[in-house]
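Below is one structure, written out as structure tokens, with a few remarks after it.
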Ligand SMILES: Cc1ncc(COP(=O)(O)O)c(C=O)c1O
């Protein structure tokens, strides 16, 4: 007789085959947001991935569990990664390396057209230094980045180091495993709570968070629509990244990729571009803060919240519960002292 394996059990077994360093305080809470719900006239719950805890928390901690697990299994002593000057991913990588006894090299680009003391030295960047990372700041052009990579290769080779080069946002198939695990976690919480969740809203930048969540939710039998709110590139480019990650992560898990028809991306809230909040972003930040004391950021979660509010107003969400995935980002807030949040 063939053994009947529950698909959720099978997924858990597949995830457990991958080396993982415990970093996140998980499961993170799935909490009701009653005052926000009342204000919007839509029941909203919040998945608090801002509370992953480690290194001031956020979504990248989940990816880093698998990225560092794999790097260590491969004998690496250094993690190199990339981001914009105020990258949350860079800060969380620096934190994970500090606690894990690995060297951390960050190549940070001036991708956001902002300047000033706070933006160029404060926020996440100050924390990168605090966690002991080596930071190289370059202009956001291919030649400058290539030159920095070349110099870094030489430096690492000269000391006989073994580096793992992690892409921006930790979004390769291995990092995406972290959000598959988060999707499974959210699915368990939805099932245990008995909620009917029609819609889930999350910020999408390099796509790993979105691709992992979609995979974890679907493989756990949860069919809620997952709306990825583009904050970095337009929907077409973001879709390319998500599709590649859906295939890559399915490969690692030995499953078929989630159908590409399930991908829902919305780039209507990009505003003037990555890292540049619009008035609607700030309105959403104020609303979440003043109803639920939720601290959003102007780059990622503020824009995702802006999209959620717009969808409620347009009447395009289902009648059931909407889950807002709070992916963190508040440590960057101090780098934006000029934002009018009053
Ligand atoms: C706070 C926050 N939310 C969301 C994201 C988007 O995650 P992803 O790059 O996996 O799409 C990021 C990525 O940097 C982030 O820092």
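Filter the stretch 223-239 for residues that are over 9 Å from residue 268 (Cα atoms) and either crowded, with 21+ Cβ neighbours inside 10 Å or not assigned by TED's automatic domain parsing to the domain that holds residue 190 (or both) and give the result. Passing the criteria: 224, 226, 227, 228, 231, 232, 238, 239. Might you let me know whether the stretch 129-140 holds any residue that is surrounded by fewer than 24 Cβ atoms within 10 Å (Cβ to Cβ), in the same structural domain as residue 81 (by TED's automatic domain parsing) and assigned to a helix (DSSP H, G or I)? For the stretch 129-140, residues surrounded by fewer than 24 Cβ atoms within 10 Å (Cβ to Cβ), in the same structural domain as residue 81 (by TED's automatic domain parsing) and assigned to a helix (DSSP H, G or I): present. The numbered conditions (1) touching a strand residue (DSSP E or B) at 6+ places or on another chain (Cβ under 7 Å); (2) over 28 Å from residue 16 (Cα atoms) are all true for residue 117 except (1).
Can you name every residue in the stretch 187-216 that is assigned to a loop (DSSP other than H, G, I, E, B) and more than 16 Å from the ligand (Cβ to nearest atom)? Scanning the stretch 187-216 gives 194, 195, 196. Among the numbered conditions (1) within 19 Å of residue 193 (Cα to Cα); (2) outside any loop (DSSP other than H, G, I, E, B); (3) away from the ligand (no atom under 14 Å from the Cβ), the only one that residue 46 does not meet is (3). Every test in (1) farther than 23 Å from residue 43 by Cβ; (2) not in a loop (DSSP other than H, G, I, E, B) is passed by residue 306 save one, and that test is (1).
Would you call residue 90 in a helix (DSSP H, G or I) and more than 15 Å from the chain's Cα centre (by Cα)?
On the way: in a helix (DSSP H, G or I): yes; more than 15 Å from the chain's Cα centre (by Cα): no.
Answer is no for this residue.
Listed here are the residues, each with its yes/no results for (1) buried (at least 17 other Cβ atoms within 10 Å of the Cβ); (2) part of a helix (DSSP H, G or I); (3) at pLDDT below 95; (4) within 16 Å of the ligand (Cβ to nearest atom).
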{"residue": "257", "(1), (2), (3), (4)": "yes, no, no, no"}
{"residue": "270", "(1), (2), (3), (4)": "yes, no, no, yes"}
{"residue": "274", "(1), (2), (3), (4)": "yes, no, no, yes"}
{"residue": "282", "(1), (2), (3), (4)": "yes, yes, no, no"}
{"residue": "285", "(1), (2), (3), (4)": "yes, yes, no, yes"}
{"residue": "294", "(1), (2), (3), (4)": "yes, no, no, yes"}
{"residue": "299", "(1), (2), (3), (4)": "yes, no, no, yes"}
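When the stretch 149-186 is filtered for residues that are away from the ligand (no atom under 14 Å from the Cβ) and free of Cβ contacts under 8 Å to residues at least 60 places away in the same chain, the ones remaining, listed by number, are 149, 150, 151, 153, 154, 155, 157, 158, 159, 160.
Can you tell me which of 196, 215 is surrounded by fewer than 23 Cβ atoms within 10 Å (Cβ to Cβ) and either over 18 Å from the mean Cα position of the chain (by Cα) or at pLDDT 95 or above (or both)?
Working: 215 fails: surrounded by fewer than 23 Cβ atoms within 10 Å (Cβ to Cβ).
That would be 196, the only listed residue that is surrounded by fewer than 23 Cβ atoms within 10 Å (Cβ to Cβ) and either over 18 Å from the mean Cα position of the chain (by Cα) or at pLDDT 95 or above (or both).
Would a scan of the stretch 50-68 turn up a residue that is more than 16 Å from the ligand (Cβ to nearest atom) and at pLDDT 95 or above? Yes, there is a match, as at least one residue in the stretch 50-68 is more than 16 Å from the ligand (Cβ to nearest atom) and at pLDDT 95 or above.
The values are calculated or read from the model by the stated rules, or taken from the named source; none is laboratory data. These numbers were taken from a predicted model, which means no experiment stands behind them. Neighbour counts are summed over all protein chains in view; Cβ atoms, including those assigned to glycine, are modelled from backbone coordinates with ideal geometry.
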